[in-house]
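One structure is given here, and the rest of the page talks about it.
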Amino acid sequence: MTEFDFSVLNWIQDNLKCGFLDFLMPKITFLGDKGLIWLLIAIILLITKKYRKTGIIMLVGMALGVLFGNLIIKNLIARTRPYDIETTIKLIISKPTGYSFPSGHTLASIISATVLSLTSKKFAIFSIPLAIMIAFSRMYLYVHYPSDILGATILGVAIGFFTYFFANKTTNKKKLRS
């Protein structure tokens, strides 16, 4: 797996690295720092009556992502980041702390994009491309392996679906009982 991961990362470095992306990718990855953009979107949704439930589901999903992804899985697997192995790569962002697998930026993004997409096709139009760009930025910046992104994507979709459907099933039962 590591050989494949490095072949993808090095292909990105050899074929896509350019001044424009060196400028853009740190800004895109910043949107995913601590789930910043997704937290902001969730807060905005909480303010609206129509989408308050979606905001709550996003927050619960992201909390589950932090619990399972960042606190449990990252520490169990304890995977070294790619720049710590391939030391010739010059990072254009500050070195992230913590382990590599799964990507927390990607996890929060995929959870949020999943919940938003299940809520509305309008939300899918902006959330899916944004989540993909954030995930790609982590590889472009050489701070995550492709398998970190893939693992976070699988876990993120699972958590997003789980929180969305569990919340809807729970709230629908309560409505039926009243």
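Where a number appears in this text, it was derived from the coordinates with a stated rule and is not lab data. This is a predicted model, so every value here is computed, not measured. Note that we place each Cβ from the backbone using ideal geometry, even for glycine, and neighbour counts take in every protein chain shown.
Quick notes
- Inter-probe distance in nm under a simple model that places probes 7 Å from Cα toward Cβ, at residue 169 and residue 34: 3.4 nm
- Between residue 11 and residue 132, residue separation times 0.36 nm minus the direct Cα-Cα distance comes to 41.8 nm.
- Helical content alone sets the calculated 222 nm signal of the chain at -23500 deg cm²/dmol, taking -39,500 (n - 2.57) per DSSP H segment of four or more residues and averaging over every residue.
- At 1.567 mPa s and 4 °C, Stokes D of the chain from Kirkwood alpha-carbon radius, µm² per second: 77 µm²/s
- Rounded to 10°, Cα long-axis angle of helix 104-119 versus longest principal axis of the chain: 30 degrees
- Gain on full extension, evaluated as 0.36 nm per residue between residue 94 and residue 157 minus their Cα-Cα distance, stands at 19.9 nm.
- Remark: the Cα gyration tensor places segment 56-103 in the oblate category, a/c being 1.5 or greater and a/b not exceeding b/c.
- Diffusion constant of segment 102-155 at 25 °C, which comes from Stokes-Einstein with the Kirkwood Cα-pair radius and 0.890 mPa s, µm²/s: 226 µm²/s
- Kirkwood radius for segment 31-80, taken over all pairs of different Cα atoms as the inverse mean of 1/r, rounds to 11.8 Å.
- Residue separation of residue 46 and residue 76 scaled by 0.36 nm, minus their Cα-Cα distance, works out to 7.4 nm of gained length.
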